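Notes to accompany the following structure.
The values are calculated or read from the model by the stated rules, or taken from the named source; none is laboratory data. In this text the structure is predicted, and so the values were computed from the model without any measurement. Note that each Cβ is placed from the backbone with ideal geometry, even for glycine, and that neighbours are counted across all protein chains shown.
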Amino acid sequence: MNIGRTGEPRAAAEVTDPHRWWGLVVIALAQLMVVLDATIVNIALPSAQRALHMSDGSRQWVITAYTLAFGGLLLLGGRVADLVGRKRTFVIGLAGFAAASALGGAATGPGMLFGARALQGVFAALLAPSALSLLTTTFTDPRERGKAFGVYGALAGSGSAIGLIVGGVLTEYLTWRWCLYVNVPIAALAVFGAFTLLHDRPGHGDVSLDVPGALLGCGGLVAIVYGFGEAQPRGWTDPLVLTLFAAGVLLLGAFVWWQARAPSPLLPLHILRDRDRAGCFLTMTFAVIGMFGLFLFMTYYLQVVLGYSPVRTGLAFLPMTAAIVTGSTQISARLLPRVPPRRLLVPGMLLATSGLLLLTRLTVRSSYAGEILPSLLLLGLGMGLTFMPVFATATAGIAPRDSGVTSATVNSAQQVGGSIGTALLNTIATTSTAAYIAGRPHRPGVAQAGVVHGYTVAIAWAAAIMLVSALTAGFLVTAPAPEHGAPAGTAVRESVG
């Protein structure tokens, strides 16, 4: 990990800052708000659809408008944090996120809600990287930093599940609009805490914003995710779908080409040339594809197939949340200072893969305690072992001027993985369901059985992608244990392959 030398006054000041743990509470509160907003509206979506008269084809944009704007603009948000200062960007992100949430809660039509969700994603793209880079510069002692990243990793991993629980409670006992309004008091509290407790050095005035890079990168991601979404109604060989995929690949290729030539690149390619850092980015992307697939299908399975209420559905994910927190704070945070990161990442991904594989045996009559709960516990423990080492290793040993963009890349990998996972796995599930029903006409109960079959096929694909994540971590992440590796500030770079 990146630990300051004892002779550096700034590092010593940060370690002895009496408010640093309260500062962690503020940072964690903001990060939790950002992460849970990716799923808090999932359970509320049927109610919002009825209230605003959305079509079945357009309702997905309540989710993807947020994740696409968030993931697509995170790199630019990281550069803004480097330019104007992390604390200032953090406060701007909080205030804008609260305003966008209030706008979405007051939405009078689908377009207004979609726009508000996209605006939430824009301000989340400012908020998330500044939060992580503030954490990186606030905690420099290796043991304290491990504990701080354990808390942060637990929230990053469990925030999606917490969003499902909170969304269920708010939808059932208040209204779906409170799934958005709830962010306003949280953000206000975090802004007050930021002004009171957080400290930061001024921004780097020599950093410039790479707007062409942002347009190319975000455009490429939007085209690919939109292509996955359109593949289900149109088919994988439809000209529009193929055009979207081709445009996405070309735009992302142009993004990489431009980053190698831009005077101030959005994503400096030397960050990706670090073997451990690139391995962490890929591990996060593949892992979240599988995880978001689980949230999507288990939410519908519990409500539509087993008939759970919104609150009961949210509570069904609580054991997984507890497992994520336990894996992150009680296992990863204790072991990471003494073991290489991949000794946590690989077992974590294998545990998560086994949990997904168990879910491929779902039927229309599966029991929660006997079949679903063990899978959720395995997945939660595996993700808890993974998130904290990924965040800590990816941000270790980075130059201060690149800390914002590096933090943004970690969060971007998470959001892009979620966007791709939701679109890709949903298309696989609905296609498999349609094929199952078409091959068994006139059989009683075939519709519900077909839905479950589609879920299990998609979850099998999610398990395969999770296994790829384990292989990626095993082969690419070769950093030594922080306490026994290279000198401070170089632990990651010396492992470049």
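Couple of notes before you dig in:
- Residue list for segment 228-241, filter: modelled with pLDDT of 85 or more and surrounded by 14 or more Cβ atoms within 10 Å (Cβ to Cβ): Asp238, Val241
- Among the residues of segment 220-239, those identified as within 22 Å of Ala69 (Cα to Cα) and not β-branched (Val, Ile, Thr) are Gly220, Leu221, Ala223, Tyr226, Gly227, Phe228, Gly229, Glu230, Ala231.
- Only one entry of Ala223, Ala214 meets the criterion of being crowded, with 18+ Cβ neighbours inside 10 Å, modelled with pLDDT of 85 or more and closer than 30 Å to Trp236 by Cα, and that entry is Ala223.
- Of all residues making up segment 416-437, the number that are over 11 Å from Val451 (Cα atoms) and of a type in the set (Gly, Ala, Ser): 5
- Just so you know, in segment 258-275 the residues that are part of a helix (DSSP H, G or I) and in contact with a helix residue (DSSP H, G or I) (Cβ under 9 Å, 6 or more places away or on another chain) include one that is surrounded by the most Cβ atoms within 10 Å (Cβ to Cβ), and it is Gln259.
- Checked against the criterion of being assigned to a loop (DSSP other than H, G, I, E, B) and in contact (Cβ under 8 Å) with a residue 60 or more places away in the chain, segment 372-384 contains not a single residue that satisfies it.
- Beta carbons closer than 7 Å, at least 6 apart along the sequence or on distinct chains, pair a first residue in segment 257-284 that is closer than 18 Å to Gln415 by Cβ and in contact (Cβ under 8 Å) with a residue 40 or more places away in the chain with a second that is of a type in the set (Lys, Arg) and crowded, with 19+ Cβ neighbours inside 10 Å for Leu266/Arg79; Ile271/Arg277.
- From the list Leu350, Leu356, Leu377, the lone residue that is within 18 Å of Val288 (Cα to Cα), modelled with pLDDT of 85 or more and surrounded by 24 or more Cβ atoms within 10 Å (Cβ to Cβ) is Leu356.
- Test: residue in segment 294-311 that is out of contact with any Phe, Trp or Tyr (no Cβ under 9 Å at 6 or more places or on another chain), polar (S, T, N, Q) and farther than 27 Å from Phe391 by Cβ: yes
- Condition check for Arg59: closer than 16 Å to Arg177 by Cα and within 17 Å of the chain's Cα centre (by Cα): no
- Which listed residue is of a type outside the set (D, E, K, R), farther than 30 Å from Val364 by Cβ and in a helix (DSSP H, G or I), from Ala287, Ala278: Ala278
- Qualifying residue in segment 308-319 (condition: closer than 21 Å to Ala470 by Cα and in contact (Cβ under 8 Å) with a residue 60 or more places away in the chain): no
- Qualifying positions in segment 299-326 - out of contact with any Leu (no Cβ under 8 Å at 6 or more places or on another chain), closer than 23 Å to Ala413 by Cβ and hydrophobic (A, V, I, L, M, F, W, C): Val325
- The helices (runs of 4 or more DSSP H) found wholly in segment 16-105 and carrying at least 3 residues that are of a type in the set (A, V, I, L, M, F, W, C) and modelled with pLDDT under 80 occupy 20-36, 61-84.
- Number of positions in segment 290-348 that are touching a Cys at 6+ places or on another chain (Cβ under 9 Å) and assigned to a loop (DSSP other than H, G, I, E, B): 1
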